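The values are calculated or read from the model by the stated rules, or taken from the named source; none is laboratory data. Quick caveat, the model's predicted, so the values are computed rather than measured. Reconstructed Cβ throughout: ideal geometry from the backbone, glycine too, with neighbour counts over all protein chains shown.
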Amino acid sequence: MSDAELVPMPMPSLGADMESGTLVKWLRAPGDRVERGDPIAEVETDKGILVIEVFTSGTFERVVVSPGEKVAVGTVLAYVRPRAEVDHAPAAPPASAPAPVPVPAPVSTPPTTLTPVTPPSATLTPGLRPTPALATALPPAPAPRASATFVRASGLARRLAGEKGIDLRAVRGSGPEGAVLATDLANVARAPEPPAPSEAATPDARTKPQSTMRRVIGAAMARSKREVPHFYLGHSVDVGAALAWLAAENEKLPPASRYAPAVLFVWAVARALRKVPELNARWDGDAAPPLPDVHVGCAVALRGGGLVAPAIHHTDRKALPELMAAFRDLVERAKRGGLRTSEMADGTLTVTSLGDRGVEWLLPIIFAPQVAIVGVGRITERPWVRDGTVVARPIVELTLAADHRVIDGHRAASFLGTVGELLQDPALSLVASKEAP
Amino acid sequence: MTAYSRDDLRAAYLAELARIAPEADLSSLDPAADVREELDIDSMDVLHLVTALHARLGVDVPERDYVRVTTLDGAVAYLATRLGAT
């Protein structure tokens, strides 16, 4: 049995806009048996606090990074001894770390398409930004470092504190587990202002530095626009029947179980990907073979700016009630923290909507290395010819941005047309409630 | 049924709104303003708000009435009517 056979667990990259993360806390202790997909740590990034999952079943062997440490993407956080080894290994030493804390049950099936030692990021961002190579030899475990400098805080509070020059360590947090919220900063005095630089020392005094999230989103989108040959298709769809069905269902349901129209689009996109699997793929630098599982990403705008696009695993296999529950949970955690690494990394196609903001149609940029993105506009009453008569109908504009290296317009049109057909299917009430085989 | 005053309903509404928009200064919220515009609240947030009000007060706001709880004044009036508040 050698340490070289241990599996390193690196700080994952959760997208092109992540360069580093701060370990908030370990959810399991050395010596614990872990199953692939178990939550094992919380990490704070510009996108909030995310839950990291373990990608190898076995024993949580050794901690390398302590709570409070900020480390670069790819840095080994801990080591896991794979199960095959565990069976022959001596009994694990007694846990020296605090007892594990309860964590919520997983809301999605652990990923099945990733290799055990590969962080999800490796499949998410090839070519977008070099990821530090993973360590192949075990470094000596460092002595635990004090975490006195780490302050639990929301992403917005951290950004505001940075802008205002407030030391978060001096702020009493009112959020969960004492986390500092933006509202806690209202009455906090600023840190002493440094001497103002002279005009000569400031090339452009009007220039305000961009936030890290804004900068890296910009870089990723610029690269996608530059390197991915986008083409766009649009399709107007009468969603009157679908909305009528949703309204009738919602009349019977308590608020906690009601549907949002957005989930219908996610549902239809996931099912259409089965018919046109070429769009359920990621560009690997040379090709984009269709992926076996459909994990539709849902773009969610964050309060305070920025966005994330976590995925609902096996979207196409979920009946509408289950899908709505997953969608609601995902949006909730995207806004308030608690997304899981697999959700951030596994998306195979993204759906984005600006209908809430009154946008009637949009031309989104592909979230590379995915090869397509679907835009959903605002549902509006419009004149519509039906059976030879002009009537007012609720119409939505669907757009598709697709990678021309992977698919041509003809097949892409088939995909978008299928989405439209599903939304207008008179048997929607039957198919939507059934789990797909 | 629990008896609620209008002040109770106002406090309950603002408390749930604060969970959705924790960074907002609700003490300066215009009671007649649409919170969707004032606080950048989207349709999923509204659904969350309605769900939270249902759990907290026992009032099931049907979908057609969502628009009636998108201002503080409107929500207090609507909830008061539904609950027979004083």
Worksheet, complete the sentence: Given the conditions (1) assigned to a helix (DSSP H, G or I); (2) surrounded by fewer than 17 Cβ atoms within 10 Å (Cβ to Cβ); (3) at pLDDT 95 or above, every one holds for A:Ala272 apart from (2)
Worksheet item: Name the strands (runs of 3 or more DSSP E) wholly within the range A:4-79 that hold at least 3 residues that are closer than 27 Å to A:Leu330 by Cβ?
Response: A:20-26, A:39-45, A:48-53
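Table: residues versus (1) under 26 Å from A:Leu330 (Cα atoms); (2) at pLDDT below 95; (3) more than 14 Å from every other protein chain (Cβ to nearest Cβ).
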residue	(1), (2), (3)
B:Arg19	yes, yes, no
B:Pro22	yes, yes, no
B:Asp42	yes, yes, no
B:Leu57	yes, no, no
B:Val69	yes, no, no
B:Gly84	no, yes, yes
Worksheet entry | Filter result (free of Cβ contacts under 8 Å to residues at least 60 places away in the same chain and surrounded by 14 or more Cβ atoms within 10 Å (Cβ to Cβ)) within the range A:222-248 | A:Leu246, A:Ala247
Discussion item. Restricting to the range A:1-57, count the residues that are in contact with a Gly (Cβ under 7 Å, 6 or more places away or on another chain) and modelled with pLDDT under 85.
Written reply: 6
Worksheet item: If you go through the range B:39-56, how many residues are crowded, with 19+ Cβ neighbours inside 10 Å and not hydrophobic (A, V, I, L, M, F, W, C)?
Response: 4
Discussion item. Regarding the range A:229-242, can at least one residue be identified that is in a helix (DSSP H, G or I), within 11 Å of chain B (Cβ to nearest Cβ) and within 20 Å of A:Pro321 (Cα to Cα)?
Written reply: no
Worksheet item: Taking the range A:284-309, which residues are surrounded by 20 or more Cβ atoms within 10 Å (Cβ to Cβ) and more than 24 Å from B:Asp45 (Cα to Cα)?
Response: A:Ala288, A:Val294
Worksheet item: Which condition number in (1) surrounded by fewer than 12 Cβ atoms within 10 Å (Cβ to Cβ); (2) within 13 Å of chain A (Cβ to nearest Cβ); (3) closer than 19 Å to B:Thr81 by Cβ is the one that B:Thr2 fails?
Response: (2)
Worksheet item: List, please: which pairs have Cβ atoms under 8 Å, are six or more places apart or on different chains, and start with a residue in the range A:256-279 that is in contact (Cβ under 8 Å) with a residue 24 or more places away in the chain and more than 10 Å from chain B (Cβ to nearest Cβ) and end with one that is assigned to a loop (DSSP other than H, G, I, E, B) and among the hydroxyl-bearing types (Ser, Thr, Tyr)?
Response: A:Leu273/A:Thr348
Worksheet item: Within the range A:399-419, how many residues are under 22 Å from A:Asp238 (Cα atoms), crowded, with 19+ Cβ neighbours inside 10 Å and not hydroxyl-bearing (Ser, Thr, Tyr)?
Response: 6
Item to complete: Just give me the residues in the range A:281-309 being part of a loop (DSSP other than H, G, I, E, B), within 14 Å of chain B (Cβ to nearest Cβ) and closer than 24 Å to A:Pro229 by Cα, in sequence order.
Response: A:Ala299
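Residue-by-condition table, conditions (1) in contact with a Cys (Cβ under 7 Å, 6 or more places away or on another chain); (2) more than 13 Å from chain A (Cβ to nearest Cβ); (3) farther than 27 Å from A:Ala301 by Cβ; (4) not aromatic (Phe, Trp, Tyr):
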{"residue": "B:Leu9", "(1), (2), (3), (4)": "no, yes, yes, yes"}
{"residue": "B:Ala33", "(1), (2), (3), (4)": "no, yes, no, yes"}
{"residue": "B:Val50", "(1), (2), (3), (4)": "no, no, no, yes"}
{"residue": "B:Leu53", "(1), (2), (3), (4)": "no, no, no, yes"}
{"residue": "B:Leu72", "(1), (2), (3), (4)": "no, yes, no, yes"}
{"residue": "B:Thr81", "(1), (2), (3), (4)": "no, yes, yes, yes"}
